[in-house]
Amino acid sequence: MEDVVIIGGGLSGSSLLYACQQSGFSAVMLEDRVVGGAGATAHSRGMVRVYDPQPELAEYAVAGLRFWREFGAEHPEVYTPIGLAYFLKDENVQTAENFLARMGNACPDMELVPAEAVEDRCSALNPRFARDKRVAIWEPHAGHINPRVAARALTDRAQTMGASAVEGVRVLRVVPHNGHMRVETGFGGLNARRVIVATGAAPHLLDRPQAVETRSIVLSSFTSSQEKHPAVCLIDEEQGCYLRPGQPGHFYVGGAAPARSAMPESLDVDEPTAMAQNTAHRQSLLESDDYNALSLHVGHDGYTADFLPYLQEPGEDTAGAFCGFSGRGAKYIPSLAQSLVSSWKAKGAL
Ligand SMILES: Cc1cc2nc3c(=O)[nH]c(=O)nc-3n(C[C@H](O)[C@H](O)[C@H](O)COP(=O)(O)OP(=O)(O)OC[C@H]3O[C@@H](n4cnc5c(N)ncnc54)[C@H](O)[C@@H]3O)c2cc1C
């Protein structure tokens, strides 16, 4: 009998596997396809930052950034701290000032700067775009993870310490069984004291209502000439879009599509419209027009109406659910996973 069985090997499942193993719980993770290579994690560009208009998330964001910086020190391929500028809507400048006043000690390098000051850090930025904005939050230590590589690295580390991860296993049901839980596949199953369903935008293995829907996020990749390569991550609150640098010569532009539903299969994104929208975002953010589009990806992410990550604690029946949430999961998932496992330990729950 395992202490914990985790269903799903995206960023949530692999962060939880790592946190369980660090806390000394025996854990097995079952992934339908490939760890980090399916679901939202496969499409995500993993921008991590501390600023979030939702104050209840700030502490998790601070802990999340710290986690990636420490993990990234040992796995440089996972975390790239290149700095991030978050352009604020005028009406939200006061919210940001309040945020900085409250969080300043936790992140002393984070500052409110005139929008034009971002041009000094990113010469590719369109000066017209900067002139139209008043201020941005500048975070020098923020940047991006590679979510696929991160999920694999977390899983490998947990496996080195004794955890198990099995790929190519689709879980069909989770049912109570003789005082514990039984995780059933098409060919048998596993027994566990606790089960966490970390299946992203499709958390329907538990026979109980959950507040998770699905939202589409559309992402385009572009090529750039080296000298005009955007050097930092950019987020524009007004347009709801972001730019994330890739390898020199490549970058990504994306935003959330308005479509959302209870099941990913029912979402239909019009690809030419989505590409045109990302191209318009790219034109507004970058000075030159000398860029070529390469591809469009449509990812489906867990979505909650209040934009909070979803964490359903195991109750009496010892099964729960955990998933990242639309477009902003990467920075919160590791710290939420660690706090969940610490709470089990504190309660003597296993
Ligand atoms: C295009 C895009 C861009 C994003 N950009 C950012 C960003 O810049 N910054 C940020 O913070 N966040 C971003 N996100 C969000 C963040 O990456 C996600 O919230 C996070 O990756 C979700 O991870 P997850 O493990 O909860 O879900 P998923 O990655 O969807 O993983 C679920 C896993 O469960 C498996 N699974 C499903 N059903 C079963 C079953 N029955 N049995 C076994 N396995 C099963 C799937 O194969 C999958 O591997 C983005 C998301 C998208 C889609």
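Summary table
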| quantity | calculated |
| --- | --- |
| Point-to-point label distance, Asn292-Gln239, nm (Cα→Cβ direction, 7 Å offset) | 2.2 |
| Linear extension gain, Ala276 paired with Ser23, 0.36 nm per residue minus alpha-carbon span | 86.3 nm |
| Relative contact order [Cα under 8 Å, 6+ residues apart], the stretch 1-112, whole percent | 18 |
| Positive minus negative residues near Phe25 (Lys, Arg vs Asp, Glu; Cβ under 14 Å) | +2 |
| Relative contact order for the stretch 240-325, counting Cα pairs under 8 Å that sit 6 or more residues apart, in percent | 17 |
| Whether the stretch 104-170 is rounded, prolate or oblate, judged on the alpha carbon gyration tensor where a/c under 1.5 counts as rounded | prolate |
| Helix axis angle, 11-22 relative to the chain longest principal axis, alpha carbon, degrees | 60 |
| Share of carbon and sulfur in the accessible heavy-atom surface of the stretch 91-186 [1.4 Å probe, %] | 45 |
| Projected area averaged over orientations for the chain, convex hull of C-alpha atoms, nm² | 17.4 |
| For peptides 241-248, 223-230, sequence by mean Cβ density within 10 Å, most packed first | 241-248, 223-230 |
| Computed lengthening from Asn178 to Arg134, 0.36 nm per intervening residue step minus Cα-Cα distance | 9.7 nm |
| Value of Rg/Rh across the stretch 220-326 [Cα atoms, Kirkwood radius] | 1.08 |
| Burial ranking of peptide ranges 39-48, 101-110, 186-195 (average Cβ count within 10 Å, highest at the top) | 39-48, 186-195, 101-110 |
| Alpha carbon convex hull of the stretch 299-350, volume per residue in cubic angstrom | 92 |
| Pairs of Cα atoms farther than 23 Å apart, the stretch 18-120, % | 44 |
| Percentage relative contact order, the chain, counting C-alpha pairs under 8 Å, at least six apart | 25 |
| Local net charge near Leu350, Cβ-Cβ under 11 Å (Lys/Arg +1, Asp/Glu -1) | +2 |
| Length gained when the stretch Gln210-Asp109 is fully extended (0.36 nm per residue, less Cα-Cα span) | 32.5 nm |
| Accessible surface, per residue, of the chain when the full set of protein chains is kept, probe 1.4 Å, Å² | 42 |
| Share, in percent, of DSSP beta bridges within the chain that are antiparallel, nearest 5 | 75 |
| Label-to-label distance, nm, for residues given as Ser284 and Ala42 (7 Å Cα→Cβ offset) | 3.1 |
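The values are calculated or read from the model by the stated rules, or taken from the named source; none is laboratory data. For clarity, every value in this text was computed on a predicted model and none was experimentally measured. With ideal geometry, Cβ positions are generated from the backbone for all residues, glycine too; neighbour counts draw on all protein chains shown. For accessibility, only protein heavy atoms count, side chains too; no ligands or nucleic acids. Shrake-Rupley method; radii C 1.70, N 1.55, O 1.52, S 1.80 Å.
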